[in-house]
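The structure appears right after this line, and notes come after that.
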Amino acid sequence: MPDDLWTGRSFTLIREFCEERRLAPMKRLVQAIWPDHRYENWRLYCFADEASAQAFLDQFPGVMFDPKRDRENGKAHGVWRRTGEYQRILDLGPLSVPEILRN
């Protein structure tokens with residue numbers, strides 16, 4: 001998810017979700033880069049198992065990260081090579097970018 005979604009209310013929703021389920025995701029910052037060279041800083045939530053990742057994705061719709069595919073088989077550290085056309089994400093289910101950060 002874009003790193004600017006990690007603010008106030010969004011932080012609280014994610015923290016409460018993880019605490020209730022006793023999940024301890026590893027968090028990673030990456031630079032998502034699209035073919036047109038646009039980029040954003042994104043925060044990834046990495047879970048120990050696929051079921052936990054799917055529960056998180058069900059609660060907070062987003063984009064699934066596949067390390068093999070999205071990090072060029074592990075060669076690109078700290079970079080997420082995105083495909084398709086760039087589109088800014090301002091809302092992901094209950095998470096959203098505050099109005100002041102939208103422009």
Query raised in the report: When the helix-only estimate is applied to the chain (DSSP H runs of n ≥ 4, each -39,500 (n - 2.57), divided by the residue count), what is the mean residue ellipticity at 222 nm, nearest 500 deg cm²/dmol?
Result: -7500 deg cm²/dmol
Report summary line: Within segment 3-85, the percent of DSSP beta bridges that are antiparallel, given to the nearest 5, stands at 75
Report task. Put one equal scatterer on each alpha carbon of the chain, apply the Debye formula with no solvent term, and list log10 I(q)/I(0) at q = 0.15 1/Å to two decimals. Result -> -0.64
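Here, each number is a calculation from the coordinates, and none is a lab measurement. Keep in mind it's a predicted model, so treat the numbers as computed, not measured.
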